[in-house]
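Worksheet for the structure shown next.
The values are calculated or read from the model by the stated rules, or taken from the named source; none is laboratory data. Here the structure is a predicted model, which means the values were calculated and not measured. So basically every Cβ, Gly included, is an ideal-geometry build from the backbone, and we count neighbours across all protein chains shown.
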Amino acid sequence: MNEDDTRGERERAQTGTEGPAPQGTPPNGKPRRPQGREGPGGGILMGRPFGVPVYVAPSWFLVAALITWVFGGQLDRVLPDLGGIRYLVSLFFAVAFYASVLVHELAHTIAALRFKLPVRRIQLQFFGGVSEIEKESETPGREFILAFVGPLLSLVLAGVFYLGMQAVEPGTVPGVLLAGLMISNLIVAAFNLLPGLPLDGGRMLRAIVWKITGKPMSGTIAAAWVGRALAVAVLIGLPLLTHTGALGSPAQDIGGMETVTDALLAAILAAIIWTGAGNSLRMARLREHLPELEARTLTRRAVPVESSTPLSEALRRANEAGARALVVVDGQGEPTGLVRESAIVGVPQHRRPWVAVSGLAQELTDGMRLPADLAGEALLERLRATPATEYLVIEDSGEIYGVLSTADVERAFVSAMARPQA
């Protein structure tokens, strides 16, 4: 660990180096991989059904307000005697609709837990919800089931609301609400069954191609390109269908504002689908390269130093040994802590002879000890389980192999993401 190394660390500390976060996509139903940290950015925690936290993102309130306004306008034409109460009824509809979306997501979650796939959280957000499932399905059959159960539950809900309609008077508030929920769940099911990523139908198509070819990547490529074609079809076709009255509204009744709204909605949906398809391709390519992320090859050579060793002396020993990391050990040679690079950078050159390494070390916990043979997704899971800047890498015999820096793992991530597909 020489002066160039510490200078480079100083530059990273100033600019902020971030690794790529695995990304998934909406709308409403594709099991998604984790991104970001739990809590911040997750929204409001609503509960933990089956032990899985459910968050409502801030964007949901915008959509709820929009649904309340639009559905309230519809109620004014169907039930004009309601007056201002129609917006309260519309708000109830918005909440009930997203409760249906939550049931859709819970179907994915229950299936994932049944297959012993950990689910990080469910998030309700703009245009639906996402279930953040942390592992890939092991077989195409499980992938198909995991994707299909969401639309299936939406269809079941539509049937339940239809049966409810038979028990109430048509043209009443309960009748209109039940009809709206039946139609909205049918739309959710039909939309998610479209055969392109990131939709559930895209996951089902991926599973089918995976089963035929025996290659998960082939399934991802096929479903992602179909998803991009769907995005273009939505962008062009949705405004045309509305303008021609194919969706039930007479073409002559469609004004300029409705045309602009339809075009904006189509653009947003197309962007979500296109971006999600691209993210699926990138994540599939990353998973292909995950086995290349090996703790042994990414680990920095380290030298052991006792806690009372001055920093300048410890750095001298590291330079002589060609090492780039320092491990603090006790009198019996057992590792007790890791000297953080960021802490070394903060010590001026003239003070290093007077600063002991113990004051710069992070205490070792069990989660910070990694086997040297750890690799791929197993390595990433261990890093996620115990967030830290450095980890001690040890051999099976217990001998110190070196120190793994998360900065090195992040750079390997970036390299894998940027590498052209073979």
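Looking at the range 173-196 only, could you name the residues that are under 16 Å from Ala96 (Cβ atoms) and surrounded by fewer than 17 Cβ atoms within 10 Å (Cβ to Cβ)? Matches in the range 173-196: Pro174, Ile183, Ile187.
Taking the criterion of being surrounded by fewer than 18 Cβ atoms within 10 Å (Cβ to Cβ), among the small types (Gly, Ala, Ser) and either in contact (Cβ under 8 Å) with a residue 24 or more places away in the chain or more than 27 Å from Arg316 (Cβ to Cβ) (or both), the residues of the range 355-392 that qualify are Ala356, Ser358, Gly367, Gly376, Ala378, Ala385, Ala388. Screening Val393, Val327, Val414, Val347 for residues that are assigned to a helix (DSSP H, G or I) and not small (Gly, Ala, Ser) leaves exactly one candidate, Val414. Residues that are surrounded by 18 or more Cβ atoms within 10 Å (Cβ to Cβ), in a helix (DSSP H, G or I) and not small (Gly, Ala, Ser) within the range 45-78 comprise Trp60, Val63, Ile67, Thr68, Phe71, Leu75, listed in sequence order. Restricting Gly164, Gly141 to those that are of a type in the set (Gly, Ala, Ser) and free of Cβ contacts under 8 Å to residues at least 40 places away in the same chain reduces the list to Gly164. Please go through the range 330-344 and pick out each residue that is assigned to a loop (DSSP other than H, G, I, E, B) and surrounded by fewer than 16 Cβ atoms within 10 Å (Cβ to Cβ). Hits for the range 330-344 are Asp330, Gly331, Gln332, Gly333, Glu334.
As a summary of the residue check, Lys135 satisfies the conditions (1) in contact (Cβ under 8 Å) with a residue 24 or more places away in the chain; (2) surrounded by 17 or more Cβ atoms within 10 Å (Cβ to Cβ) except for the one numbered (2). Pairs are defined by a Cβ separation below 7 Å, a sequence spacing of at least 6 or placement on different chains, a first member in the range 168-184 that is assigned to a helix (DSSP H, G or I), and a second member that is modelled with pLDDT under 90; the pairs so defined are Val173/Leu79; Val176/Leu75; Val176/Val78; Val176/Leu79; Gly180/Phe71. Remark: Pro304 falls outside the filter, which requires a residue to be modelled with pLDDT under 85, more than 18 Å from the chain's Cα centre (by Cα) and surrounded by fewer than 20 Cβ atoms within 10 Å (Cβ to Cβ).
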